[in-house]
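Trainee: Below is a structure I'd like to ask you about.
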Amino acid sequence: MKFLKYTYIAFVSLLLTSCLIGKKYQRPNLNLPGQYRNVKEGIAQTQDTLMHQPRSFFKNTILVQLLDSAFLKNSDLLLAVQNISLAEKTLSMVKLNYLPELNAQMNGTYNKVSKNSLAGQIDGRRENKDFNLSAVLSWEIDIWGKIKNEKKEALVNYLKTEEVRKAVQTRLVANIAKGYYNLLMLDEQLNIANKSKELSDSTLQMMKIQYQVGDANILGIRQLEAQIDGNRILVSQIEQSISSQESALSVLCGNYVTSIKRKQEEKEEFYSVPSEGYPASLLSERPDIKAAELSLQAANARVGIYQAAMYPNINISLSGGLNSLTSSNWFSVPASLFGTVAGGITQPIFNRKKLKTQYEQARIEKEKEVISFRQTVLEGYAQVCDALKNNEEIEKQYIFALNKEKALKDNMTSIRVLFTTGIVNYLDIITVHSSYLEARLQTSRLRMEKAMAKVELYYALGGGWQ
């Protein structure tokens, strides 16, 4: 009885010390600044990550419909969903590792020895039969937390696949939105180019009339015709870009190449995004940063798994069933019943340094994940800083471009009057036409870049879709 008592005490002591194997995860010190670069002191900080109202962020209803359609067919997103299912199956399997294994087996053997063998000489029995039906229950006791760490690893890998899906989905939202607004810009630029061509055609007709009465020369006509051909090249290039962008958007949406329905929103295209006031701590909401930290947690759990592998394994097994030398009384109960109970401790001693190497490799992999996690945070911080600055500067550039376009539009009205009265020549009108066309195209491009900058800020701050 005393032996059993001491054995029980030793067993409980081992269970209590199991928590000593493997270190609990601690987030690395990131030394993250309190706010982003170029943010003024005293700005009220918001906790708005844009993840709580993703549908209200994009106010263009056609774009929202395009995004909803893409979520059902995009290949990258569908693959991410399948990876979640795989990780979920692995987790459900690992959760059962605490339970014992139960196997059933049924076998029969027939053995005939030679007459001159030892068995044949001793009792003269040359034939032996054995019939066995049994169940074997085996259980590995998780003394050192190996199974516990396996469960942790499976859980964080499952959570990581979900964050990866969010990252894929967020990037998909950003790419489709950028492509959509690029199409709107190209449509606007195509309209500008066509109108510029019509204006040049009108000027050319007026110049030909002046040429017939001797008020213009052939050089001016040829120069204007060359400008019109340049407009035609621009129109062709824009139409080519529209076709390529529609193809890219079709693929992102999981469709064969087709035309993309689109329309400029009459009011604001976006939810109002503050240009500053975001605390840097909101970086933790980004799915790619969450995924990187979960990878680190999985690596930490693997260190515990390989460390536990160097400690003794305790196994208990029970088996029982029916056994007989003849089939006729095989199922005779209780005469054919048998049972076995066994327990054992296995301590690895020499495995050609395999276990220690695996443990050391796991520690190195963990350090790599620490570096990767920090790098992901650094890149995320830089992306938000760049996105905030881009929104600020592009807004300024857009206002300057509008002022420039307005000034050149006024020149367009004046130059036609001056040209008809002969005060200015064909070079002046060609120069003004070219400058106005360039200004309108630049305004259109900056309008698109404004939209792109807002989308990029939305992505950098961890925006997603629900």
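The values are calculated or read from the model by the stated rules, or taken from the named source; none is laboratory data. Keep in mind it's a predicted model, so treat the numbers as computed, not measured. Don't worry about glycine lacking a Cβ; one is built from the backbone with ideal geometry, like all the others, and counts go over all protein chains shown.
Trainee: Can you tell me which residue is nearest to GLN358 (Cα to Cα) among those in region 317-337 that are of a type in the set (Ser, Thr, Tyr) and in a loop (DSSP other than H, G, I, E, B)?
Mentor: Per the criteria, the residue is SER336.
Trainee: Run PRO287 past the list (1) buried (at least 17 other Cβ atoms within 10 Å of the Cβ); (2) over 30 Å from ALA460 (Cβ atoms); (3) of a type outside the set (Phe, Trp, Tyr) and report the number of the one that doesn't hold.
Mentor: Status for PRO287: all satisfied but (2).
Trainee: While we're looking at this one, here's another question. Out of the residues in region 286-316 meeting the condition of being touching a Pro at 6+ places or on another chain (Cβ under 9 Å) and part of a strand (DSSP E or B), tell me which one is modelled with the lowest pLDDT.
Mentor: Top of the filtered list is ASN313.
Trainee: Return the total of residues in region 229-285 being modelled with pLDDT under 90, under 28 Å from the mean Cα position of the chain (by Cα) and of a type in the set (S, T, N, Q).
Mentor: Residues that pass the stated criteria total 4.
Trainee: Residues of region 347-386 being surrounded by 11 or more Cβ atoms within 10 Å (Cβ to Cβ), out of contact with any helix residue (DSSP H, G or I) (no Cβ under 6 Å at 6 or more places or on another chain) and not in a helix (DSSP H, G or I), which ones?
Mentor: Passing the criteria: only ASN351.
Trainee: Tell me, which helices (runs of 4 or more DSSP H) wholly within region 42-108 include 2 or more residues that are modelled with pLDDT of 90 or more?
Mentor: Values: elements: 54-57, 61-73, 75-94.
Those helices (runs of 4 or more DSSP H) span 61-73, 75-94.
Trainee: Six or more apart or on different chains, Cβ under 6 Å: which pairs go from a residue in region 57-71 that's outside the structural domain of LYS454 (by TED's automatic domain parsing) and surrounded by 15 or more Cβ atoms within 10 Å (Cβ to Cβ) to one that's assigned to a helix (DSSP H, G or I) and among the basic types (Lys, Arg)? Could you list them?
Mentor: none
Trainee: Residue under question is THR340, and the condition is that it be touching a Pro at 6+ places or on another chain (Cβ under 8 Å) and on the phi < 0 side of the Ramachandran plot; does it hold?
Mentor: no
Trainee: Then there's this: Of a type in the set (Lys, Arg), within 30 Å of ARG286 (Cα to Cα) and assigned to a helix (DSSP H, G or I): is that true of LYS195 in this structure? Let's see the steps before the verdict.
Mentor: On the way: of a type in the set (Lys, Arg): yes; within 30 Å of ARG286 (Cα to Cα): no; assigned to a helix (DSSP H, G or I): yes.
When the stated conditions are applied, LYS195 does not pass them.
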